[in-house]
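**Q** The structure follows.
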Amino acid sequence: MDDIRYADRIVSADEVKIAARKAQVYYGTNHALRDVDVDILGKTVTAFIGPSGCGKSTFLRCLNRMNDTIPGCRVEGKITLDGQDIYDARVDPVQLRAKVGMVFQKPNPFPKSIYDNVAYGPRIHGLARSKAEIDEIVESALRRAALWNEAKDRLSSPGTGLSGGQQQRLCIARAIATSPEVLLMDEPCSALDPIATAQIEELIDELRAQFSVVIVTHSMQQAARVSQRTAFFHLGRLVEYGETGQIFTNPRDPRTESYISGRIG
Amino acid sequence: MSLGTLVLAVLILSAAAFVAGRRFALSRAGGDPRRLHSLPGHYGQHAALLTAVPALALLVLWLGVQPLVIELRVATLLPATDDATTASLAMAEVRRISEGLDRLVVAEGLSDRDLAALTPEGLAPRLRAVGAAVADITPQTLDAARAHRALQASFGLWMSVLVLGASLGGVALALLRTAPDFRARNVSERFIMWILIAASLVAVATTVGIVLSLVFETMHFFRLYPAQDFFFSLTWNPQFRGGSDLGIWPLLWGTIYISIIALVVAVPIGLLTAIYLSEYAGPRTRGWAKPAIEILAGIPTIVYGLFALITVGPALRDWFAQPLGLGSSSSSVMTAGLVMGIMLIPFISSLSDDIINAVPQSLRDGSYGLGATQSETVKQVILPAALPGIVGAILLGASRAIGETMIVVLGAGAAAKLSMNPFEAMTTVTVKIVSQLTGDTEFASPETLVAFALGLTLFVITLVLNVLALYIVRKYREQYE
């Protein structure tokens, strides 16, 4: 395990970006998530781990109100972004999602050119006044997503023509082009091979300089590699949340220990 | 043996063969199905198929060939003629007399000798009395009819014998082949594949047949009427005395004009309906709204035609055409176009709705996740992704509009005119096909044969539209998935 590069665990910023208090999620009558209290820090990578169906993706989707699009889903409790309740009636989910971007499990580029995929967010949010500005945003987003060198000569070809790993980096570029404050990633590497995974992990570590990143992952190694904070979910509850090194080497809760040592999950 | 009994006999034999094949296979395996290569049912199926299919195929083939052979033989008894029309009329007369003799035999209980003694004198009224529409009978036609009847009887007997023989042969062959290591499953699967291929060939062969018949009649027409006049003349003025102007343009223009109006009505409304139903409506609204819209598609077009004639036409005339000084006719291009557009709405909305629903949810999530609103998502992500399918739906709708007849007859009138005024009566290719062919004219004059040329033109246009639709759908689908 010595050759695996672990992320720097020292967190420079201590500001709380997103805070959840007693968050509950119901799908119809099914109580999917109970009493989740989490403080997600700014400029930090936070990993959510846990067995399938434990509620980690559900909680992730609460953070930018993507659950609003699921019929029958209800969220209770309090989730704040920079101190403001995101479930407040005055908050427009559209604006919230511009600030809290999301990358999905399966790469889902739009049926458009690579350029138009990245320019999509800046255009709908009116972030640029001229074509030149959009060009600039697209280039810098693709550079930050480590896709510029591969894509710069084929910006007008369809995004769906890229390989799986490139598509996922395109989706990340698309998400960071709107300059979000938080980037949510729902198992971003589960459909990728190890090389593409390594590229994305490196990318996540670089993105930490600008945003706070929340990543759901099934791979405990990945959580250990990329994150500074880790939350372990089990059966719809947050079991343990803390510094990644401590969770993996010295968990306080016996369930966490069982999971990371492979006895449950 | 009549045809029905024969088919029934073959089917009963086939059912018996199923049971026998199954039993026989089991007994060959000593009652242990595990020692058989296939399930016992497969052996039964194999026997049943082998019994029924070749026999029925033989039957169909025989029924197709028999009249040709009989008529070839009977024709030698008739006075020789060079004219194909006269010959076919004489042959039709022979068939009617032969049929009449059949009925006479039943009605009057004639023996074979009575039949041979019949003379043409006074026979015609007796045949008409039993319901055979014969005109006058000559000794030659009567002889020919007798021969026709006799041949039919003997051919019928041979057919029954051979079909039943084929059927029994099938049973025997199946049982002979049945053994524990005989691969009955593979054989019957292959058999079924061939039946399916034969079924699809029927549709293909019919298409080819329709096209060929259109092409031959059209060639016939162009021999009587110059093609350049048909394609380039701007007048449509058929005269049944001869000397007609048969230019296609007034009709084609009417067709195109009405179809464009119909699509201008149907495409936006249908598409917006589809977007509402698939993206905005909740499951409950969707549950009743979608069937309600699809009911529109079930209304016969003649009913739409009545709606155009009685409601839309007069309303347009009173509220638009007359106040604007554009015309005083209640049948107009606008009437037919509007009503046809309404007819096409469910067609376009239902197809587009399915296509929009097929756009993966992950694309919607991706767009919402970037902070796009619902209408931005629809406009920028869903519609572009669904576009090839939607274009296909629109072109299919256009094909229907072009082929529509009843709404035009009742809504737009029958006057062939080249005009830009949408409140004037015009007509389409389909309407003129109907009007050129109704009435008892034989298909020999350019005025009737023009219908086939019109039909072929229409066929080519819709074919091109359909091919275009398929091409667009294929091309863009590859790019987007």
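The values are calculated or read from the model by the stated rules, or taken from the named source; none is laboratory data. Values in this document were obtained by computation on a predicted structure and should not be read as measured data. Neighbour counts are summed over all protein chains in view; Cβ atoms, including those assigned to glycine, are modelled from backbone coordinates with ideal geometry.
**Q** Taking A:ALA141 and the conditions (1) surrounded by 14 or more Cβ atoms within 10 Å (Cβ to Cβ); (2) away from chain B (no Cβ under 14 Å); (3) small (Gly, Ala, Ser), which numbered condition does it fall short on, given that it satisfies the others?
**A** (2)
**Q** Also, quick follow-up: Determine if the range B:418-426 includes at least one residue that is outside any loop (DSSP other than H, G, I, E, B), under 30 Å from the mean Cα position of the chain (by Cα) and within 18 Å of B:LEU252 (Cβ to Cβ).
**A** Looking for residues that are outside any loop (DSSP other than H, G, I, E, B), under 30 Å from the mean Cα position of the chain (by Cα) and within 18 Å of B:LEU252 (Cβ to Cβ), one finds none in the range B:418-426, hence no.
**Q** Search the range A:60-76 for residues that are facing another protein chain (nearest Cβ under 8 Å) and pair each with any residue that is part of a helix (DSSP H, G or I) and aliphatic (A, V, I, L, M) when their beta-carbon atoms are under 9 Å apart and the residues are at least 6 apart or on different chains.
**A** Correct list of pairs: A:ASN64/A:LEU96; A:MET66/A:LEU60.
**Q** Could you list, in sequence order, the residues of the range B:345-383 that are more than 7 Å from every other protein chain (Cβ to nearest Cβ) and aliphatic (A, V, I, L, M)?
**A** Correct list: B:ILE345, B:ILE348, B:LEU351, B:ILE355, B:ILE356, B:ALA358, B:VAL359, B:VAL378, B:ILE382, B:LEU383.
So that you can scan it fast, the table gives a plain yes or no per residue for (1) touching a Leu at 6+ places or on another chain (Cβ under 8 Å); (2) surrounded by 17 or more Cβ atoms within 10 Å (Cβ to Cβ):
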| residue | (1), (2) |
| --- | --- |
| B:ALA144 | yes, yes |
| B:VAL163 | yes, yes |
| B:LEU168 | yes, no |
| B:ARG183 | no, no |
| B:ALA203 | no, no |
| B:VAL215 | yes, no |
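**Q** Here is a follow-up. Pairs please, first residue from the range A:89-110 and within 8 Å of chain B (Cβ to nearest Cβ), second anywhere and among the aromatic types (Phe, Trp, Tyr) and not in a loop (DSSP other than H, G, I, E, B), Cβ atoms under 7 Å, 6+ apart in sequence or on different chains.
**A** Sorted first by the residue in the range A:89-110, then by its partner, the pairs are A:ARG97/B:TYR368; A:PHE110/A:TYR120.
**Q** Just to check your reading of the model, which residue among B:GLY392, B:GLY337 is surrounded by 21 or more Cβ atoms within 10 Å (Cβ to Cβ), part of a helix (DSSP H, G or I) and at pLDDT 90 or above?
**A** That would be B:GLY337, the only listed residue that is surrounded by 21 or more Cβ atoms within 10 Å (Cβ to Cβ), part of a helix (DSSP H, G or I) and at pLDDT 90 or above.
**Q** Among B:ALA262, B:ALA292, B:ALA297, which is away from chain A (no Cβ under 14 Å), part of a helix (DSSP H, G or I) and within 30 Å of A:ILE70 (Cβ to Cβ)?
**A** The unique qualifying residue is B:ALA292.
**Q** Residue under question is B:ALA20, and the condition is that it be in a helix (DSSP H, G or I), touching a residue at least 40 places away in the same chain (Cβ under 8 Å), surrounded by 13 or more Cβ atoms within 10 Å (Cβ to Cβ) and over 35 Å from the mean Cα position of the chain (by Cα); does it hold?
**A** In short, yes.
**Q** Within the range A:151-166, track down each residue that is closer than 17 Å to A:LYS112 by Cα, more than 11 Å from chain B (Cβ to nearest Cβ) and part of a helix (DSSP H, G or I).
**A** A:ALA151, A:LYS152, A:ASP153, A:ARG154, A:GLY164, A:GLN166
**Q** Something else now. Among the residues of the range A:123-134, is any closer than 18 Å to A:ALA175 by Cβ, within 14 Å of another protein chain (Cβ to nearest Cβ) and in contact with a Pro (Cβ under 8 Å, 6 or more places away or on another chain)?
**A** no
**Q** Tell me which residues, restricted to the range A:210-241, are more than 22 Å from A:VAL100 (Cα to Cα), in contact with a Lys or Arg (Cβ under 8 Å, 6 or more places away or on another chain) and of a type in the set (Gly, Ala, Ser).
**A** If the condition is that a residue be more than 22 Å from A:VAL100 (Cα to Cα), in contact with a Lys or Arg (Cβ under 8 Å, 6 or more places away or on another chain) and of a type in the set (Gly, Ala, Ser), then A:GLY236 is the only one that fits.
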